[in-house]
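Throughout, read-outs are computed from the coordinates displayed, never taken from laboratory work. If you're wondering where the values come from, they're calculated on a predicted model, not measured in any experiment. Heads up, the Cβs are rebuilt from the backbone with ideal geometry, glycines too, and the neighbour counts pull from every protein chain shown.
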C-alpha cells in the first residue's frame with residue numbers, strides 16, 4: 001500500500017476480508033455498528049462493508065469515539081512503514097512523537113525540533129492522520145499504560161505517571177475510553193488475553209522485579225540472519241553482547257538508562273527491558289523497533305528488488321532482510337568514523353577503548369555489560385593525541401563530536417535526510433561511504449546506497465554487475481527506493497560474520 005491508501009475504500013475492504021496481516025498498522029477499521037476499531041487481520045468475522053469506515057491511525061479512531069477491539073488488540077500492530085521510508089514533515093513528526101518528544105517537551109517542543117510552527121505541524125498531521133500531535137501522543141500513552149498494567153505488578157498510580165499521564169484521573173478516564181475497561185479490569189484479563197499475533201496466551205510476564213518482558217510484532221517475513229548477525233559481529237564490548245540467543249545492549253534514555261535483550265522468534269521479537277526509570281518504556285520500545293527495522297514492509301521491498309533478475313535469486317533464497325540500524329544516532333556516527341578504512345575487529349577495539357575511558361558505568365544484573373557508549377559531550381573534551389588513529393581521522397573524529405556536542409549537528413528522528421547528508425559532506429574526512437552508511441543505519445534512509453563499499457564491489461563482481469561506482473549506481477536506480485535493502489542482499493553473498501545468526 002502506498003501513501004494515502006487508507007482512503008482507498010475498495011482496497012481496504014479487500015484487505016479486511018482476507019485478514020491480511022501485512023496491512024496491520026497501515027490503516028485501522030472502525031465498525032459503525034459496534035463502536036470498536038480493529039486491525040485488518042482481526043480474527044472475528046468481518047463486518048459488512050457498509051458498516052466499515054477506515055482511519056490512518058489508532059489516534060484518529062479514538063478521537064472519533066471508537067474503542068480498541070479486545071480480540072485483535074489493534075494498538076499492538078506494527079507501526080506504519082510510512083514513517084521510516086519518508087523524510088517529510090509528517091514522517092519526522094511521527095518519529096519524534098514515537099520517541100516521546102510531545103510528552104517531554106509538548107507540541108511547541110515538537111514544532112521547534114522540526115523547524116515549523118505548532119499550527120503548521122498540527123495542520124499537517126490532521127490532514128494526513130486525522131489526529132493532531134496531542135491525540136497521537138495520548139494514544140501512545142494509552143498503549144504504554146496497557147503494557148505496564150498487563151506485564152507488571154506496579155501500583156496503578158505508578159503506572160499512570162510512568163506512562164506519561166499528568167494525573168491518575170486522566171489515566172483512568174483514558175484507559176476506560178480507549179479499551180472500554182478499567183485499569184484493574186485490564187489487569188484481571190491479562191493472563192487470558194491474546195498475544196500481538198492473535199494467538200492465545202499470556203501477553204507478557206515479569207519474572208524478575210524491574211524487568212519488563214514483551215513481544216515486538218513485525219510484518220512477515222523477517223530474516224534474522226543479517227539483522228542480528230550484523231549487530232553481534234560489530235558489538236562493542238561492554239556496551240553490546242550476544243548471549244544465549246539474544247542480542248543485549250545498554251541504552252541511553254531521556255530519563256535514565258536501560259538494558260535490553262532481544263531474541264528473534266518465528267512470529268515476534270522477544271524483548272526484555274530493565275529500566276532505571278519506567279517513563280522511558282515507550283522510548284525504549286520505539287528505539288528497539290527502529291534498530292531492528294520492525295516496521296518495514298518486506299513484501300513491498302522484496303517485490304521491487306525481484307524485478308531485477310540479478311537480485312531475484314538472492315531475495316528468493318532468504319526473503320525479508322531488514323536494515324540493521326541503531327538506538328543512538330550520535331553513537332553510530334562516531335562508530336562509523338572509527339570504522340573508516342579498518343576491519344570490523346579494529347573498529348570494535350577502537351570503540352571499546354573509548355567506552356572504557358569515557359563511557360558511563362552501569363550495573364548489569366546479568367553481568368557482561370558495563371557501560372553506556374560515551375555521549376558526544378564526554379568525547380568532545382578528549383585529547384586528539386589519545387586516539388590511536390591517523391592524524392586526518394583524528395580531525396574527522398574531533399570535528400564530528402564537537403558539532404554533535406554543541407548542537408550544530410542533529411542526527412535524531414527530526415533530521416532532514418538531504419540536509420544532514422550535505423552537512424556531513426562538508427566535514428573533513430566525510431566521504432560518500434561514511435555519509436551513506438550514516439544515512440542508512442543512523443538516519444534510516446531506506447534508499448541509501450554504498451557503491452564504493454568493498455563488500456558491495458565484491459558482490460557486484462561475483463554477480464556480473466557493473467564494477468565502477470558510477471556504473472553500479474546507475475544500475476541500482478531500478479532498486480529505488482529500497483537500495484539500502486539491496487545492500488543487505490548484496491552483502492549476504494559474502495561469508496563475513498555479519499551475515500550469519502550467531503550460534
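Some points to look at:
- Relative to the longest principal axis of the Cα atoms of the chain, the long axis of helix 101-114 makes an angle of roughly 60 degrees.
- Listed from fewest to most Cβ neighbours within 10 Å, the set 83, 433, 417, 26 follows the order 417, 433, 83, 26.
- Ellipticity at 222 nm from helices only: DSSP H runs of n ≥ 4 in the chain, each -39500 (n - 2.57), divided by the residue count, give -13000 deg cm²/dmol.
- Burial ordering of 467, 182, fewest other beta-carbon atoms within 10 Å first: 467, 182
- On Cα atoms only, tilt of 168-179 relative to the major axis of the chain in degrees: 80
- Taking other C-beta atoms within 10 Å as the exposure proxy, 177, 331, 50, 122 rank 50, 177, 122, 331 from fewest upward.
- Acute angle (nearest 10 degrees) that the helix 89-98 long axis makes with the longest principal axis of the chain, alpha-carbon atoms: 80
- Separation of alpha-carbon centers, the stretch 447-493 and the stretch 98-138, rounded to whole Å: 37
- Rough spin-label spacing in nm, given labels placed 7 Å along Cα→Cβ, for residue 299 and residue 105: 3.7
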